[in-house]
Amino acid sequence: QVQLVESGGGLVQPGGSLRLSCVVSGTIFSLYPMAWYRQAPGKERELVADITSGGRTNYADSVKGRFIISRDNAKNTAYLQMNGLKPEDTAVYYCKLQPPIRGYWGQGTQVTVSS
């Protein structure tokens, strides 16, 4: 079965950096788009960034210029490099594999930005 496992979250000070990883198993990772979403307490889940199978990227306006999404098809892994973190980036971050019929989600990893 398809499984997604995120890692790399934690507590970081404002202005700091983190890199999230999402390892995918059970499918042909290279065929499908990947995305990162986040959900802050009391808010709806929102798209942060996505990347096509060919490597074309898209970002939410709130993270443009600070976050970078990438993928390594040889490692079945997607990444989210987060720089210049702000307190408003605090959320649970989820990766999502996006085949045509249905999406698959990871379990989420907590990112807390606080001094």
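The values are calculated or read from the model by the stated rules, or taken from the named source; none is laboratory data. Since this is a predicted model, take the numbers as computed values, not measurements. As a convention, Cβ positions derive from the backbone with ideal geometry for all residues, glycine included, and neighbour counts pool all protein chains shown. Remember, those area values only see protein heavy atoms, side chains included, never the ligands or the DNA or RNA. Shrake-Rupley method; radii C 1.70, N 1.55, O 1.52, S 1.80 Å.
Tabulated results
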{"read-out": "Residues of region 9-37 that turn out to be crowded, with 16+ Cβ neighbours inside 10 Å and not β-branched (Val, Ile, Thr), as a count", "value": "12"}
{"read-out": "Checklist (1) acidic (Asp, Glu); (2) exposed (fewer than 13 other Cβ atoms within 10 Å of the Cβ); (3) farther than 24 Å from Ser115 by Cβ applied to Glu6, failing item", "value": "(2)"}
{"read-out": "Selected residue (criterion: nearest to Thr112 (Cα to Cα)) from residues of region 63-87 that are free of Cβ contacts under 8 Å to residues at least 24 places away in the same chain and not in a strand (DSSP E or B)", "value": "Arg66"}
{"read-out": "Hey, Gly108 over 10 Å from the mean Cα position of the chain (by Cα) and not β-branched (Val, Ile, Thr) or not", "value": "no"}
{"read-out": "Region 38-49, subset open to solvent by 40 Å² or more (accessible area, probe 1.4 Å) and not aliphatic (A, V, I, L, M), residue farthest from the chain's Cα centre (by Cα)", "value": "Gly42"}
{"read-out": "Selection within region 88-115 - open to solvent by 40 Å² or more (accessible area, probe 1.4 Å) and aromatic (Phe, Trp, Tyr)", "value": "Tyr104, Trp105"}
{"read-out": "Selection status of Ser62, surrounded by fewer than 15 Cβ atoms within 10 Å (Cβ to Cβ) and among the small types (Gly, Ala, Ser)", "value": "yes"}
{"read-out": "Any hit, region 98-110, residues being touching a residue at least 12 places away in the same chain (Cβ under 8 Å), on the phi > 0 side of the Ramachandran plot and not in a strand (DSSP E or B)", "value": "yes"}
